[in-house]
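Comments concern the structure below.
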Amino acid sequence: MQQADPGLGAVLRRRLKEARRIAIVGVGDELLPFDRLGMVASQEIEKLHLPDVRVFFAGTVPENLTGPIRRFRPDHTLFLDAADMGADPGTIAVIDSHNIQAGLFSTHALPLSVVMEFLAQESGAGVTLLGIQPDRSEPDKGLSGSGEALFHRNLEILLAVLRYR
């Protein structure tokens, strides 16, 4: 059984250390099993109703939500999106900005890096992309049992950081 990455929590705590208000942006195409993982993770975060955390469901057009995100005035914005990182299916990891173009699926109208850079410049807030590794062996079926289990273990790390920051 694959283990969740314990370093994920440390990285997220460090990035969100000063953040009081956090915007979560779920990205992906809900009709494509390999691309919906960012939306699924965002739905799980929304269920918690955390104070000062607002979830935005961007789908395939995150650029359409830059206005509402800026009006929320977050201290940090976390984008969640499916990304082929060459990792085990279900892995959640921070993707550095210089790796965004190479690692993400291209189901978005504008490159996600452009949207992220715009928000960072306009708001002065931190921006982080969390990539979620889909199971590319069966793209029409979503995550398999072990991939689904790893996804939920990693998602619990993210949820714990958001709850107890």
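The values are calculated or read from the model by the stated rules, or taken from the named source; none is laboratory data. All values reported here derive from a predicted model rather than from experimental measurement. Neighbour counts are summed over all protein chains in view; Cβ atoms, including those assigned to glycine, are modelled from backbone coordinates with ideal geometry.
Within segment 10-41, being modelled with pLDDT of 95 or more, in contact with a helix residue (DSSP H, G or I) (Cβ under 6 Å, 6 or more places away or on another chain), over 14 Å from Ala83 (Cβ atoms) and of a type outside the set (Val, Ile, Thr) holds for Leu12, Arg13, Ala23. Tell me whether segment 73-94 contains one or more residues that are within 12 Å of the chain's Cα centre (by Cα), surrounded by fewer than 19 Cβ atoms within 10 Å (Cβ to Cβ) and touching a residue at least 60 places away in the same chain (Cβ under 8 Å). For segment 73-94, residues within 12 Å of the chain's Cα centre (by Cα), surrounded by fewer than 19 Cβ atoms within 10 Å (Cβ to Cβ) and touching a residue at least 60 places away in the same chain (Cβ under 8 Å): present.
Among the strands (runs of 3 or more DSSP E) contained in segment 1-104, which hold 2 or more residues that are under 18 Å from His152 (Cβ atoms)?
Values: elements: 22-27, 53-59, 76-82, 92-95.
Those strands (runs of 3 or more DSSP E) span 22-27, 76-82, 92-95.
Filtering segment 119-155 to residues that are within 17 Å of the chain's Cα centre (by Cα) and hydrophobic (A, V, I, L, M, F, W, C) leaves Leu119, Ala120, Ala125, Val127, Leu129, Leu130, Ile132, Leu143, Leu150, Phe151, Leu155. Within segment 151-163, residues that are touching a residue at least 12 places away in the same chain (Cβ under 8 Å) sit with their Cβ atoms under 6 Å from residues that are hydrophobic (A, V, I, L, M, F, W, C) and assigned to a helix (DSSP H, G or I), at 6+ positions apart or across chains, in these pairs: Leu155/Ala41; Ile157/Leu8; Val161/Leu12.
Taking the criterion of being over 18 Å from Gly26 (Cβ atoms) and at pLDDT below 90, the residues of segment 94-122 that qualify are Asp96, Ser97, His98, Asn99, Gln101, Ala102.
Looking at segment 117-135, which of the residues that are assigned to a strand (DSSP E or B) and not hydrophobic (A, V, I, L, M, F, W, C) is nearest to Leu155 (Cα to Cα)?
First, pick out the residues of segment 117-135 that are assigned to a strand (DSSP E or B): 126-132.
After this cut, where a residue has to be not hydrophobic (A, V, I, L, M, F, W, C) as well, the list is 126, 128, 131.
Numbers: Gly126: 21, Thr128: 16, Gly131: 12 Å.
The extreme case among them is Gly131.
When Leu50, Leu31, Leu80 are checked against the criterion of being among the aliphatic types (A, V, I, L, M) and farther than 24 Å from Glu138 by Cα, a single residue qualifies: Leu50. Of the numbered criteria (1) part of a helix (DSSP H, G or I); (2) over 13 Å from the mean Cα position of the chain (by Cα); (3) more than 17 Å from Pro33 (Cβ to Cβ); (4) modelled with pLDDT of 90 or more, the one Leu158 fails is (2).
Being touching a residue at least 12 places away in the same chain (Cβ under 8 Å) and out of contact with any Leu (no Cβ under 9 Å at 6 or more places or on another chain) is the filter; apply it to segment 121-136 and report the residue that is nearest to Phe72 (Cα to Cα). Even if it seems obvious, please write down each step before you answer.
Looking only at segment 121-136, we keep the residues that are touching a residue at least 12 places away in the same chain (Cβ under 8 Å), and these are 122-123, 125-136.
Checking which are out of contact with any Leu (no Cβ under 9 Å at 6 or more places or on another chain) leaves us with 122-123, 136.
Details: Glu122: 13, Ser123: 10, Arg136: 35 Å.
The selected residue is Ser123.
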